[in-house]
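The values are calculated or read from the model by the stated rules, or taken from the named source; none is laboratory data. What you are looking at is a predicted structure, and each value in this text was computed from that prediction instead of being measured. Using ideal geometry, Cβ is built from the backbone for each residue, glycine included, and neighbour counts are taken over all protein chains shown.
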Amino acid sequence: MKGAKMYYGQMLYIETLIDIAENHKNPKPGESCIVSNDKKILNSVETLETDALNCTRGVAVSAMGHLLWERKELFVKFKPTIIKLMQDENVAVRFAGLDVLWPIYNVDKAWAVSNILSVFKSDNRTIGCRESKWLFVREYERYKAEMKSLLERAFFSSDKRLIQVSGYAIAEIYLRYDAFENIINQIRSLNKEQAEALLEMFIVHLGREEYNSEVKAVLYKFIGLEINIELDHIWARIFYDERVELKRDKEFLQKLMSSDVGGKLLYVFMDYLKKGQRLSDYAEIIIDTGKSILQDRKKISDADYLIEYNLPKLMIALYDEVCNADICENKEYEIQCLDIWDLMFENRIGITRDLTEKLTEM
């Protein structure tokens, strides 16, 4: 008797969810829970996602999705409702409907992918859902034409979230399937948001041996961009996440740290070196970085505080290490450290002038 009541209660709950998902009056067509006079905000992925999460039907659909992750047999029961959701006139309901399609991928893959792509085609913004990158990467080979068109449409939109999600997918698909060469080959014409999205995902894969060479070939293109200096927060991930290995990536590190963005990366580079790295192993990179910064006054003005504070500390630490090691090669590094110190003195970088004058007076 108790088991029968529990079963009846569960079925009543499921029937109620279905009724709400199909028939509740909230949301009304064209209605949004975001109040703004800015059309760009109202038409953004974030607003659409907020509407989907907060409308009554959207909440019911989300609950159905949670149930499907636990009880895949409910797919048969929910299928007629899901079909209606995919065809609903309200885009927020269709966006919410994606929540029930992700668990169905493990039950009926072809049906799930077909319906997900149908939602994506119905409104460009739906491509900005959190899970879409995973689907694009996983199913790209099977749905190349459709997915290429959808991703390019999203990537060249004006919505930051769409650019980010599609950029992540494009970068990974490029590495896995050699697709989207047209975009990678026109990196110089991309705007900042597009460059950030691609760069961030390529850096994620820099540490993977199977992609390392191909990733570096693309990253060299980014190093030459005029907007490169504005991407320092993305480049910093290389050191924060420890994506590089000296033996494998020495040439790449030299080019990165000698580029326009090198001065802004000094502080994260130094933090990385503190994690058990011998400065003498990185001597060539450190010296090339110092020379590059001091030979270009623009680099100093672009990151003057970071340079004035960090470069003298780095050169002192390197000089101290190499001059205390009885290795012939290190003598050359000693001389170069002193040459850079002279350049810092001439350019009044940080503490160099005060410290040099005090040492002279002793």
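Just one of (1) under 38 Å from the mean Cα position of the chain (by Cα); (2) modelled with pLDDT of 95 or more fails for S32. It is (2). Anything in segment 143-157 that is among the hydroxyl-bearing types (S, T, Y) and over 18 Å from E193 (Cβ atoms)? List them, or say none. Matches in segment 143-157: Y143, S149.
When the criteria are applied in full, A52 fails the requirement of being more than 22 Å from D159 (Cα to Cα) and surrounded by 17 or more Cβ atoms within 10 Å (Cβ to Cβ).
When the residues of segment 87-143 are narrowed to those that are of a type in the set (S, T, N, Q) and closer than 17 Å to S166 by Cβ, which ends up nearest to the chain's Cα centre (by Cα)? Show your work before the answer.
Quick first cut of segment 87-143, residues of a type in the set (S, T, N, Q) only: 87, 90, 106, 114-115, 118, 122, 124, 126, 132.
Pick out the ones that are also closer than 17 Å to S166 by Cβ and you get 122, 124, 126, 132.
Values: S122: 26, N124: 20, T126: 19, S132: 14 Å.
Filtering first and then ranking leaves S132.
Among the conditions (1) among the aliphatic types (A, V, I, L, M); (2) surrounded by fewer than 18 Cβ atoms within 10 Å (Cβ to Cβ); (3) in contact with a helix residue (DSSP H, G or I) (Cβ under 7 Å, 6 or more places away or on another chain), A217 misses just one, which is (3).
I'd like the residue in segment 191-216 that is farther than 22 Å from K247 by Cα and among the aliphatic types (A, V, I, L, M) and, out of all such residues, is farthest from the chain's Cα centre (by Cα).
If we take residues in segment 191-216 being farther than 22 Å from K247 by Cα and among the aliphatic types (A, V, I, L, M), then A195 is farthest from the chain's Cα centre (by Cα).
The residue of segment 119-130 that is surrounded by the most Cβ atoms within 10 Å (Cβ to Cβ), among those that are assigned to a helix (DSSP H, G or I) and basic (K, R), is R125. A single entry from I234, I238, I229 fulfils the requirement of being buried (at least 16 other Cβ atoms within 10 Å of the Cβ) and at pLDDT below 95: I229. Restricting to segment 322-337, name every residue that is modelled with pLDDT of 85 or more and either of a type in the set (V, I, T) or over 13 Å from I286 (Cα atoms) (or both). Passing the criteria: V322, C323, E332, I335.
Among the conditions (1) at pLDDT 95 or above; (2) within 30 Å of L225 (Cα to Cα), W111 misses just one, which is (2). In summary, helices (runs of 4 or more DSSP H) completely within segment 198-284 and bearing 1 or more residues that are polar (S, T, N, Q), more than 29 Å from Y333 (Cα to Cα) and in the same structural domain as V137 (by TED's automatic domain parsing) occur at 212-223.
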